[in-house]
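Everything below concerns the one structure shown next.
The values are calculated or read from the model by the stated rules, or taken from the named source; none is laboratory data. These figures come from a predicted structure and were not determined experimentally. Note that we place each Cβ from the backbone using ideal geometry, even for glycine, and neighbour counts take in every protein chain shown.
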Amino acid sequence: MQVLIDNYHLYLRGLGTTLQICLYAGLLTLVVGTFIAGCRVAPLTPLRAFGTAWVTVFRNCPLAVVLFFMAFGIPALGINASYFVFGTIGLALYTSAFVCEAIRSGINAVSPGQAEAARSVGLGFGQTLRLVILPQAVRSIVPPLGSVMIAMIKNSAIAGAFGIGGDLYAVGIRQSSAQGEEIIPVLLGVALGYLIITIPAGLLLGYVERKVAIAR
Amino acid sequence: MTEVSTDTPMIRVSAVDKYFGSLHVLKDINLEIPRGQVVVVLGPSGSGKSTLCRVLNRLETIDSGAVAVDGVPLPEEGRALAELRADVGMVFQQFNLFAHKSIIDNVTLGPIKVRKLGKDEAREEGMRLLRRVGIADQAEKYPAQLSGGQQQRAAIARALAMRPKVMLFDEPTSALDPEMVNEVLEVMAGLAEEGMTMLVVSHEMGFARRAAHRVLFMADGEVVEDTSPETFFDSPESERAKDFLGKILTH
């Protein structure tokens, strides 16, 4: 355990980097996922096809493959950015397929009569979704969306392994393989770090769930 | 602005066919509703009367034929369709009030977001309509806190807030407890007296006799009788109408 105490600043910095990845990827994936969910329920066939294709690709490709593309494919096209940016975007795109499906299931849980009434007073598709459907869908979206977000936090370790470096997981790997520290305490430290993020995230989720449940 | 002559029918349905899979639910429907007319559509369940109602603002698409409202053919999906729907009020069997909004917000949502009315103006107009349907004291409540009859009256106020040219009622009293039916019919009869063009799918024979100018009797996707309420109830021509009336009037 001495290794954790001696290097606590490294772990703390790793925790900070992991939090940063999750925050940026989380925000991006919510925006993209909501947009794709909108596409999937749109009245226009091309939009629906686009949404379905998006989900099919990102839900069915392993995250590692998506990250490979971001790390080596995109730079090969001449687009350059730090791996932090690529890794975060890759994680967000991959997760957006799951976010989309969580939101879509919530949309489908709202009675179709609500959308019919909204369209009957002359609201357009976007207004119907924004003003009538999504506010009612939130209640049933929160629990599955929370699981998706927690899965994303854990998946950030894979983005870390791809060379973002400095995140919680990468710190652990470096400690044990490069500096020859014992693996068990190091991994326990890493696991503790993730728990420090995911357990409060779970509690926050429960709080939000109760909050939206009574907001009517 | 295109000049619309006063004899353009408010609703014109020409040679409309619709299928649900292999089921032919509307068979070559032709119908003109002049401005100010109140039409009650009767018929056994599965006769296509609700579908006809929903076709008029394109909640259901048609497979062939044409529908025009106030001389304008129903547009395809998109902004033009939304604009047309804003002019066509619709009242549903299940009320379909927006469950997450208060009654007054239900009524003002369309005027604010579609008609671009100011909040205060929309609210004032909304309260006027709620007073008119007799539920102004319920304005700040949520739909689930109201009785069925009150919800349906709120739904009528919501439709009226858009200042529609025509009102469609799809079985507006079928989901109501019996003691609440009259309060809704009362509001509808008031509208009819004021000259609103209305198409009402309903089983309320009393309302049909009292408020309707015209009765359509549908069976198996066809308009079987198209006549005045007196003629329909007192001397129906078709066997199917006689059979239908015999079943509902004997009790």
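Tabulated data for the structure shown
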item	result
Residues being touching a strand residue (DSSP E or B) at 6+ places or on another chain (Cβ under 9 Å) and over 21 Å from B:L130 (Cα atoms) - total across the stretch B:175-199	1
Number of positions in the stretch B:128-147 that are assigned to a helix (DSSP H, G or I) and either more than 22 Å from the chain's Cα centre (by Cα) or of a type in the set (D, E, K, R) (or both)	8
Selection count where residues are surrounded by fewer than 17 Cβ atoms within 10 Å (Cβ to Cβ) and either within 17 Å of A:F98 (Cβ to Cβ) or of a type in the set (G, A, S) (or both), scope the stretch A:35-71	12
Matching entry among B:R115, B:R85, B:R54, B:R58 (being part of a loop (DSSP other than H, G, I, E, B), surrounded by 18 or more Cβ atoms within 10 Å (Cβ to Cβ) and facing chain A (nearest Cβ under 10 Å))	B:R58
Count of the stretch B:88-97 residues which are more than 7 Å from chain A (Cβ to nearest Cβ) and among the aromatic types (F, W, Y)	1
Checking B:A80 against (1) buried (at least 20 other Cβ atoms within 10 Å of the Cβ); (2) within 14 Å of another protein chain (Cβ to nearest Cβ); (3) at pLDDT below 95, the condition it does not meet	(1)
Check on A:P112, within 13 Å of another protein chain (Cβ to nearest Cβ) and surrounded by fewer than 17 Cβ atoms within 10 Å (Cβ to Cβ)	yes
Among residues of the stretch B:138-155, those that are within 12 Å of chain A (Cβ to nearest Cβ), aliphatic (A, V, I, L, M) and surrounded by fewer than 23 Cβ atoms within 10 Å (Cβ to Cβ), counted	1
Single unsatisfied condition, A:Q175 versus (1) outside any helix (DSSP H, G or I); (2) in contact with an Asp or Glu (Cβ under 8 Å, 6 or more places away or on another chain)	(1)
Lone unmet requirement of (1) among the basic types (K, R); (2) more than 14 Å from every other protein chain (Cβ to nearest Cβ); (3) closer than 30 Å to B:P143 by Cα for A:K154	(3)
Qualifying residue in the stretch A:172-180 (condition: among the small types (G, A, S), closer than 18 Å to A:T29 by Cα and in contact (Cβ under 8 Å) with a residue 60 or more places away in the chain)	no
Selected residue [at pLDDT below 90 and in a helix (DSSP H, G or I)] from A:Y169, A:Y207	A:Y169
Among the residues listed as B:V69, B:V55, B:V88, the single one being touching a residue at least 12 places away in the same chain (Cβ under 8 Å) and within 30 Å of B:L245 (Cα to Cα)	B:V55
Residue count for the stretch B:190-202, restricted to those that are crowded, with 17+ Cβ neighbours inside 10 Å and out of contact with any Ser or Thr (no Cβ under 6 Å at 6 or more places or on another chain)	8
